[in-house]
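The values are calculated or read from the model by the stated rules, or taken from the named source; none is laboratory data. From a predicted model like this one, the values you see are computed outputs, not experimental measurements. Methodologically, a virtual Cβ is constructed for each residue, glycine included, from the backbone with ideal geometry; neighbour enumeration extends over all protein chains shown. Surface accessibility is based on the protein's heavy atoms, side chains included, excluding ligands, DNA and RNA. Shrake-Rupley method; radii C 1.70, N 1.55, O 1.52, S 1.80 Å.
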Amino acid sequence: MTADSTPALVQQADAATDGPVPAGPAAARGPRARNTKAYLKYVAAKIAGAVVSLFAVLVTSFFLFRLIPSDPVKQMTGGRRVSAEQLESLRHQFGLDQPMWQQFTSYVKDALTGDFGTSFAYHAPVVDKIAEKLPATLLLTGTAYVLYSLLGIWLGTRTAWRNGSASDRFNTALALTLYSVPSFWLGLLLIIVFSVGVGPIPGMFPTGGMSAGDGAGGFAYVMDVAHHMVLPVITLVAVGYAQTLLVMRSSLLDEMGGDYLTTARAKGLRDDTVRRKHAVPNAMLPTFTLMFVNLGHVVAGQILVETVFSWPGLGSLFYQGLSTPDLPLVQGLFFVFATAVILANTLADVLYPLLDPRVGR
């Protein structure tokens with residue numbers, strides 16, 4: 001057998017493995033084209049699932065809050081003595097005297113066009129109230145999201161790489177403790193210690209709100225808002241970083257036994273380079289998904305934390321709407337919250353195969 005016959009034998013082996021080679025236009029459709037087609041089908045399935053989920057949320061948001069045992073019209077009157085005719089007039093004004101199916105069809109039709117109705121309590125379009133409170137929520141939860149994501153990834157990487165060390169045991173125990181602590185309880189504890197003051201610790205931070213409301217502007221206003229953000233941000237970061245750390249640590253521990261890391265070390269690569277360029281990128285995949293899930297909660301806000309710290313965001317607005325109950329307001333907020341989470345999850349599903357080719361093929 002001559003050396004010239006080797007390429008022919010390789011081609012025959014490839015043909016026997018892959019099957020007959022198609023002729024004509026089909027010959028241009030190689031593995032990359034097949035992978036692209038599979039990926040597009042995968043994306044279409046994920047988008048279809050998201051659409052179904054959004055419709056389910058739309059239905060749930062309508063019927064769920066009508067189970068609250070309270071009359072929204074009577075709540076709007078604030079306990080004042082109101083005649084039956086006035087109550088009926090208010091019910092007619094807000095469409096509460098219509099049959100349930102008619103209320104539902106009207107709600108779905110309006111919601112699909114971005115109209116969530118008029119708030120019972122504020123007498124303003126729900127969309128306007130959401131747009132008014134959204135910046136405050138994004139400022140608070142967005143700041144906390146960036147901080148706890150970076151902190152959780154960094155500490156999770158260090159603890160896993162030093163598995164079994166004293167720092168690993170301490171950081172893991174602290175993360176487990178903070179992850180199991182209710183966020184509202186932690187917020188109340190921080191208010192007691194650092195706002196009211198305990199023993200030698202003076203009250204250094206405000207108990208709530210977004211600013212002092214003294215009319216200050218410019219840099220003074222920015223510093224005032226930052227001062228009010230300290231405790232709620234610490235509360236959100238404490239719970240969020242713990243979750244990110246635990247996921248990152250677990251993922252990296254799974255990768256540390258891989259043969260490719262042994263090969264990288266055998267080639268003479270430094271341990272820091274092996275961790276940074278080989279282990280961490282592969283371990284980031286589950287953390288990547290978690291970050292996108294948490295990204296949806298940036299818009300959804302943190303209802304309990306915002307309520308505890310009286311932060312004027314969507315979470316506090318939702319709590320106030322529940323106490324009425326303000327049906328259009330809570331329906332609209334619930335739909336916005338769920339939509340943000342669904343879209344974030346869908347985006348993670350769509351991007352995940354680009355990081356891990358084994359998914360969606």
Go through the range 251-277 and give me each residue that's open to solvent by 50 Å² or more (accessible area, probe 1.4 Å) and either over 12 Å from W161 (Cα atoms) or polar (S, T, N, Q) (or both). D259, Y260, T262, T263, R265, A266, K267, G268, L269, R270, K277
Of all helices (runs of 4 or more DSSP H) fully inside the range 192-295, the set with 3 or more residues that are within 26 Å of the chain's Cα centre (by Cα) is 218-255
Tell me, please, whether a residue that is open to solvent by 40 Å² or more (accessible area, probe 1.4 Å), over 29 Å from V193 (Cβ atoms) and either in contact with a strand residue (DSSP E or B) (Cβ under 9 Å, 6 or more places away or on another chain) or of a type outside the set (A, V, I, L, M) (or both) can be found in the range 237-249. no
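Rundown of residues vs (1) open to solvent by less than 40 Å² (accessible area, probe 1.4 Å); (2) assigned to a helix (DSSP H, G or I); (3) among the polar types (S, T, N, Q); (4) touching a residue at least 40 places away in the same chain (Cβ under 8 Å), yes/no style:
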site	(1), (2), (3), (4)
A121	no, no, no, yes
I130	yes, yes, no, yes
L140	yes, yes, no, yes
A144	yes, yes, no, yes
L150	no, yes, no, no
W154	no, yes, no, no
N171	yes, yes, yes, yes
All-but-one check, V299 against (1) open to solvent by 20 Å² or more (accessible area, probe 1.4 Å); (2) hydrophobic (A, V, I, L, M, F, W, C); (3) more than 16 Å from T137 (Cβ to Cβ), failing number (3)
Taking helices (runs of 4 or more DSSP H) that do not extend beyond the range 12-112, which have at least 2 residues that are open to solvent by less than 40 Å² (accessible area, probe 1.4 Å), at pLDDT 80 or above and β-branched (V, I, T)? 31-64
